[in-house]
Amino acid sequence: MSEPKSTTVEVRLPTKMGYEKVAMSTASAVAKLMGFPEARIEDLKTAVAEACINAIEHGNRLNEKLSVGVVLQAGTDTLEVKVIDDGTGIRKQPAKPDIDRKMHGEEGPRGMGMFLIQALVDEAEWVAGGEGKSSYVRLVIRLDKEAE
Amino acid sequence: MESVTKAHVDQLKSPSGYPVAILRFGGDIASTSREAVLGTYEALPRETTKLILLDFTGVDYINSSGIALVIQLLIQAANAGQTVCAFGLSAHFTKVFTMVGITKYARLFPNQAEALAAL
């Protein structure tokens, strides 16, 4: 039995805010080639952008000597995206953002990136790298999921 | 590749005759947009500005840091007794704003005419 075919695309980003848009464009192009509907491509772009921003800001701590790896693996009906940084990974998931608490100053206005990632893709997992390096977030978006 | 946010203010009247400040944004809304978003809002005269519309028609990209700036604007507006609504968001960002709960504090409209009519 032959393995399902998959295609891999890799991008290496500098640790500079704004370069997440390169990963967004690449993910968008791959998803279009796979036939994803426009609404799901928009979901993917936001999730990939937030993953890259986290990698740049928190993983690599804005250290411009480091880079962020983005690996897209396109299967027959699934697109997997890994965003890899040189951080130690996250210790625990932050609480779901609460707009009422934010509006009343009980919670900072930021801290929505991971929530958006989880809400917009079909799977999201954060993996801490061995010896505190090469941590990654793995996102999966499926072609059969209907656009909302 | 610094993101650039454009912002300017138009002063209009609603069909009911109320003065409305429209903050029109363009480009990206990200962490570098603080001055464009909050600076533009804070330059509005507080005593006379009670109704504010945020126009996202020209915005290409909003990330979570940009959303946080919008929330900071809403906090300041709530404390000043101002009403804020928004229009011109794409279907995707309408969904994102709804997901994070912004719609509890700022009604979203598809376009300027519908937003003005609701004020």
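Throughout, read-outs are computed from the coordinates displayed, never taken from laboratory work. What you see is a predicted model; the values in this text were computed from it and never measured. So basically every Cβ, Gly included, is an ideal-geometry build from the backbone, and we count neighbours across all protein chains shown.
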query: What is the protein assembly as shown by shape, rounded, prolate or oblate, if you read a ≥ b ≥ c off the alpha carbon gyration tensor as root eigenvalues and call it rounded for a/c under 1.5, prolate for a/b larger than b/c, and oblate otherwise?
result: prolate
- request: Relative to the longest principal axis of the C-alpha atoms of chain A, give the angle of the C-alpha long axis of helix A:20-34, reported between 0 and 90° and rounded to the nearest 10°.
  value: 30 degrees
message: Inside 10 Å of the C-beta atoms of B:87-95, what's the mean count of C-beta atoms belonging to other chains?
response: 3
- prompt: Among A:Pro14, A:Pro37, A:Pro109, whose mean-square fluctuation peaks in a Gaussian network model of chain A (Cα, cutoff 10 Å)?
  reply: A:Pro109
message: Through the Karplus equation 6.51 cos²θ - 1.76 cosθ + 1.60, θ set to phi - 60°, convert the phi angles of segment B:84-89 into ³J(HN,Hα) values in whole Hz; use x for Gly and Pro.
response: 10, 10, 9, 8, x, 6
query: What stretch of chain B, leaving out the sites themselves, is the longest with no GluC sites (Glu not before Pro) in a DSSP loop having at most 11 other Cβ atoms within 10 Å?
result: B:48-119
- request: Determine the relative contact order of chain A: mean sequence separation of Cα pairs under 8 Å and six or more apart, normalised by residue count, in whole percent.
  value: 26 percent
message: Can you say what percent of the DSSP beta bridges in segment B:5-118, counting only those with both residues inside, are antiparallel? Round to 5.
response: 35 percent
message: Based on alpha-carbon centroids, what's the gap between segment A:1-78 and segment B:49-119 in Å, whole number please?
response: 28 Å
- prompt: Which percent, nearest 5, of DSSP beta bridges in the protein assembly as shown are antiparallel?
  reply: 70 percent
- request: Pick out which of A:Ala95, A:Ala119, A:Ala23 has the largest mean-square fluctuation in a Gaussian network model of chain A, springs linking Cα atoms closer than 10 Å.
  value: A:Ala95
- line: If one compares the long axis through the Cα atoms of helix B:64-79 with the longest principal axis of the Cα atoms of chain B, the angle in degrees, nearest 10, works out at 20 degrees
- request: Springs between alpha-carbon atoms under 10 Å, Gaussian network over chain A: tell me which of A:Lys96, A:Lys16, A:Lys32 tops the mean-square fluctuations.
  value: A:Lys96
query: Using unit Cβ charges (K, R positive; D, E negative) and no other charged atoms, how large, in debye to the nearest 20, is the dipole of chain A about its Cα centre?
result: 460 debye
message: Could you derive backbone 3J(HN,Hα) for segment A:81-92 from the dihedral phi with the Karplus parameters 6.51, -1.76 and 1.60 (θ = phi - 60°), listing whole Hz in sequence and x where the residue is Gly or Pro?
response: 10, 10, 10, 10, 10, 9, x, 8, x, 8, 7, 8
